[in-house]
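Read through the structure below, which is laid out as structure tokens, and then see the notes.
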Amino acid sequence: MERGIFRFVITFLSIIVCISCSNNEDKTALEIPNPDGLDSVLDHYVDEGFYPFIYARLEDMSGNLIYEHSSVNKELLSGTSVDGDTWIRIWSMSKIVTISVALDLIEDGIMKLDDPVSKYIPEFANLEVAVSNERKRLTEYDWGNRDQACPIQLVPNDSVMTVLHLINHEAGFYYATTGYPCLDSLVAAQNLPTAKDSEELIKRLAKLPLIQHSGTDYFYGTNTTVLGLVAERATGKDLNQLVKERVTAPLEITGLQYRLPDDEGLLPKFTGRDSILRKANRGELDIFGPDVPDYEWDHPLYLGGEGMVATADGYADFVRMLLNRGELNGYRFLEKETVEDIYAPHTQLDNAYGYNGYNLWVSGDTMRIMNQGEAGLWIGGGYECTYFWADPKRNFVGIIMSQNNEVRPPGYELNDKFRGELYQQLWESEN
């Protein structure tokens, strides 16, 4: 009740402030000096067969469009246009949404960061940890030698898994792409996206060992999906409801959800795994094994780490909320201090390229040295080459969308090249 009154007061004051400054034009609006230079970068990666399409969008803090460009391979997508309202599978760009929901629940006192996961999911109370026959931690094996960790044996988890471990990817959950054949095959056999609902997903996950003792280190995986399951158990509502009620409805975001609107379709899945860009076959997007999320209305399974769809326009609104420290369209979703914690240093602190906040990468000086952007950008992305960043110095957000997995080299340089061209222009105009 008190929080509701606080939000009303903040919203009222925001309206007053907006009225008082409505006649003052923004003299510092960001302008792109050479949009054609940015267009050329995007066109190159489509024309050379790295991507089936690329759509890029830049918005300022107020949602004003400051740049957009769409480039489409007409041979692969004949008669198809892609714009800011095209629905896209965003995969891991779902994670920061789920984390934001969880943090909102924590602000409301419904959950705590140090709560044991087993408080909400007792089925996970006795999860075991996979180690090698020499009882070495699997993460001690280099990427090229991970097959030597097999066969595995199981030992008890030596720590209590917490909500914070899930947020920081330290809980021990993983994908079917670890490089340890004996683990990857176990995940693939569970075929997690085909679980009929959250309860069945929990049962399938409970059959899998952890890849490390909880709290040991950062290991990217299905931790955020489990965080979504915790949020569901804590509230008695599914993640679809929680996103609608706490995020998209009050913030007036129309392009971010778990299911497609009626009469909308999704673009095909593509892969470059054969060095030739083509449509992907079943099983080639193997992050879970044989299958991927289906986005069907009659399938009540909401994967908090992978399962959302969005438009570039809609996702830009969500990122603008973060950039505006928790507020959008006059509604405060997260407290300023909570958002500051999202981009504060939490894991991967010894990385030359930056550090990880709550699943939000914050770039370091190396990015500017290599002409790929600059320090302090908030960055995230998804499995099929979806990408976003926020620039808190200049107060704008960037979205780059495609639908492609296993881009052939050097196609993965797209984001760095685009940012490099953009920031080179901005630096020159600012000097």
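Remark on Thr222: its backbone amide H falls under 5 Å from those of Tyr174, Tyr175, a criterion applied only to residues 5 or more positions apart or on other chains, H modelled at 1.01 Å from N. In this label model, Asp365 and Asp47 are separated by 3.7 nm, measuring between points 7 Å along each Cα→Cβ vector. Among His169, His213, the order of accessible area from largest down is His213, His169, computed with a 1.4 Å probe on protein heavy atoms. All C-alpha to C-alpha distances of the stretch 148-238, sorted into 5 Å bins beginning at zero, yield P(r) values of 2, 14, 23, 25, 21, 10, 3, 1, 0 percent in whole numbers. Kirkwood-type hydrodynamic radius, the stretch 29-106: 14.9 Å, calculated from all non-identical alpha-carbon pairs. Ranking Glu337, Glu75, Glu170 by solvent-accessible area of protein heavy atoms (1.4 Å probe, all protein chains present), from largest to smallest, gives Glu75, Glu337, Glu170. Amide H contacts under 5 Å for Phe396: Asp391, restricted to partners 5 or more places along the chain or on a different chain, H placed in the peptide plane at 1.01 Å from N.
Determine the alpha carbon to alpha carbon distance for each of Lys244/Lys336; Lys336/Lys393; Lys203/Lys269; Lys203/Lys237 and list only those over 23 Å. As for pairs spanning more than 23 Å Cα to Cα, those are Lys203/Lys269.
By the combined test of axial Cα extent (at least 20 Å) and Kyte-Doolittle hydropathy (mean at least 0.0), the qualifying DSSP H helices of the chain come to 2-21.
How do the peptides 386-397, 110-121 rank, highest first, by the average count of neighbouring beta carbon atoms within 10 Å per residue?
Per-residue mean Cβ counts within 10 Å order the peptides as 386-397, 110-121.
Of the residues Trp361, Trp378, Trp297, ranked by 1.4 Å probe accessible area with the largest first, the sequence reads Trp297, Trp361, Trp378.
Heavy-atom accessible surface of Met370, to the nearest 10 Å², is about 90 Å², with a 1.4 Å probe and all protein chains retained.
When the Cα atoms of the stretch 345-402 are enclosed in a convex hull and the volume is divided per residue, what value in Å³ results?
87
Which value, in Å to one decimal place, does the Kirkwood hydrodynamic radius take for the chain when every pair of different Cα atoms is included? Its Kirkwood hydrodynamic radius stands at 22.6 Å.
P(r) of the stretch 231-337 in 10 Å steps, Cα pairs, percent per bin? Reading upward from the zero bin: 12, 35, 32, 17, 4. Excluding ligands, DNA and RNA, the accessible surface per residue across the chain is 43 Å² with a 1.4 Å probe.
Taking a Cβ cut-off of under 15 Å around Asp147, the surrounding Lys, Arg, Asp and Glu residues balance to a net charge of -2, with basic ones at +1 and acidic ones at -1. For the stretch 292-430, the Cα gyration tensor yields ellipsoid semi-axes of 25, 21, 15 Å (square root of five times each eigenvalue, largest first, whole Å). In order along the stretch 331-336, phi translates into HN-Hα couplings of 10, 8, 8, 10, 5, 4 Hz, rounded to whole numbers, per the Karplus curve 6.51 cos²θ - 1.76 cosθ + 1.60 with θ = phi - 60° and x for Gly and Pro.
Taking all protein chains together and rolling a 1.4 Å probe, Lys203 ends up with roughly 140 Å² accessible. Estimated at 0.36 nm per residue, the fully extended path between Asn145 and Thr80 surpasses their Cα-Cα distance by 19.0 nm. Rolling a 1.4 angstrom probe over the chain with all protein chains present gives an accessible area of which 49% lies on carbon and sulfur atoms.
Dividing the Cα radius of gyration of the stretch 300-381 by its Kirkwood radius returns 1.02 for Rg/Rh. For the stretch 137-148, the Karplus equation 6.51 cos²θ - 1.76 cosθ + 1.60, evaluated at θ = phi - 60°, returns couplings of 5, 4, 6, 7, 8, 5, 3, x, 10, 5, 5, 6 Hz by residue, with Gly and Pro reported as x.
Note on Cys150: accessible area approximately 40 square angstrom, rounded to 10, probe 1.4 Å, nucleic acids and ligands left out.
The values are calculated or read from the model by the stated rules, or taken from the named source; none is laboratory data. All figures in this text were calculated on a predicted structure; none of them were measured in a lab. Note that each Cβ is placed from the backbone with ideal geometry, even for glycine, and that neighbours are counted across all protein chains shown. Surface accessibility is based on the protein's heavy atoms, side chains included, excluding ligands, DNA and RNA. Shrake-Rupley method; radii C 1.70, N 1.55, O 1.52, S 1.80 Å.
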